[in-house]
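Here is the structure we will look at.
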Amino acid sequence: MEKDRRNHMKNLCSQLNSLVPQDPSSYPRAVPDQIGDATNYIRQLQENVENLRQTRDELQGGGGSSGSGGGYSTNSPVQIEVNENGSALEVTLVTGLECQFVFTEAIRILHEENAEVVNASYSVAENIVFHTIHAQLGEAASSNAVARITQRLKNFEL
């Protein structure tokens, strides 16, 4: 019975160790070290979850300051932020579930202004949708393309 118990504990430790990210260059570690690594990893994940909860609450208007681009309130049905870095654009759209057309319109506007969409992603938190669009201005884009794109996108905030 003792041998079975030890084999069972060894299997459980092995399963636990397989769930913890490992450094591929690390050597085999003793079981107490593996358990310590797993404990530290779980604590790190708990801290990450708590930080993400706080961020979610701030974004949903549960607190925090809404300085320049800091937080998003849910008063306006659509909020848009455009950040430029050279010829790269990052467009952030915050909409309700009922305003999904704004995303397709933003893509259309970027295309019309000769900006190539490189990446687009979204996430949903309760009834708020956060879209992020990364675009690259083409060579055919005019010098005031960013201002024009920003103005056209801001029309949806009204």
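Going by the conditions given, is SER73 surrounded by 11 or more Cβ atoms within 10 Å (Cβ to Cβ), farther than 15 Å from ILE149 by Cβ, touching a Ser or Thr at 6+ places or on another chain (Cβ under 9 Å) and modelled with pLDDT under 90?
Values: surrounded by 11 or more Cβ atoms within 10 Å (Cβ to Cβ): yes; farther than 15 Å from ILE149 by Cβ: yes; touching a Ser or Thr at 6+ places or on another chain (Cβ under 9 Å): yes; modelled with pLDDT under 90: yes.
Taking the combined requirement at face value, the residue satisfies it.
Restricting to the range 1-34, and then to whatever is part of a helix (DSSP H, G or I) and in contact with a helix residue (DSSP H, G or I) (Cβ under 6 Å, 6 or more places away or on another chain), can you tell me which residue is farthest from LEU45 (Cα to Cα)?
Applying the filter and picking the extreme gives VAL31.
From GLU105, GLU126, GLU90, GLU81, which residue is farther than 25 Å from LEU52 by Cα and either among the charged types (D, E, K, R) or at pLDDT below 85 (or both)?
Numbers: GLU126 fails: farther than 25 Å from LEU52 by Cα; GLU90 fails: farther than 25 Å from LEU52 by Cα; GLU81 fails: farther than 25 Å from LEU52 by Cα.
Criteria check complete, one pass: GLU105.
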Evaluate the range 20-33: report whether one residue or more is surrounded by 10 or more Cβ atoms within 10 Å (Cβ to Cβ), free of Cβ contacts under 8 Å to residues at least 60 places away in the same chain and closer than 30 Å to ALA125 by Cβ.
yes
Scope the range 108-149; condition assigned to a loop (DSSP other than H, G, I, E, B), surrounded by fewer than 16 Cβ atoms within 10 Å (Cβ to Cβ) and charged (D, E, K, R); matching residues
GLU126, GLU139
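Hey, can you tell me all the residues within the range 90-107 that are crowded, with 18+ Cβ neighbours inside 10 Å and under 17 Å from the mean Cα position of the chain (by Cα)? I'd like the intermediate steps shown before the answer.
Kept after step one, since they are crowded, with 18+ Cβ neighbours inside 10 Å, are these residues of the range 90-107: 91, 93-95, 102, 106.
Hits for the range 90-107 are VAL91, LEU93, VAL94, THR95.
The values are calculated or read from the model by the stated rules, or taken from the named source; none is laboratory data. Small disclaimer: the values here were computed from a predicted structure and weren't measured. Backbone-built Cβ (ideal geometry, glycine too); neighbour counts: all protein chains shown.
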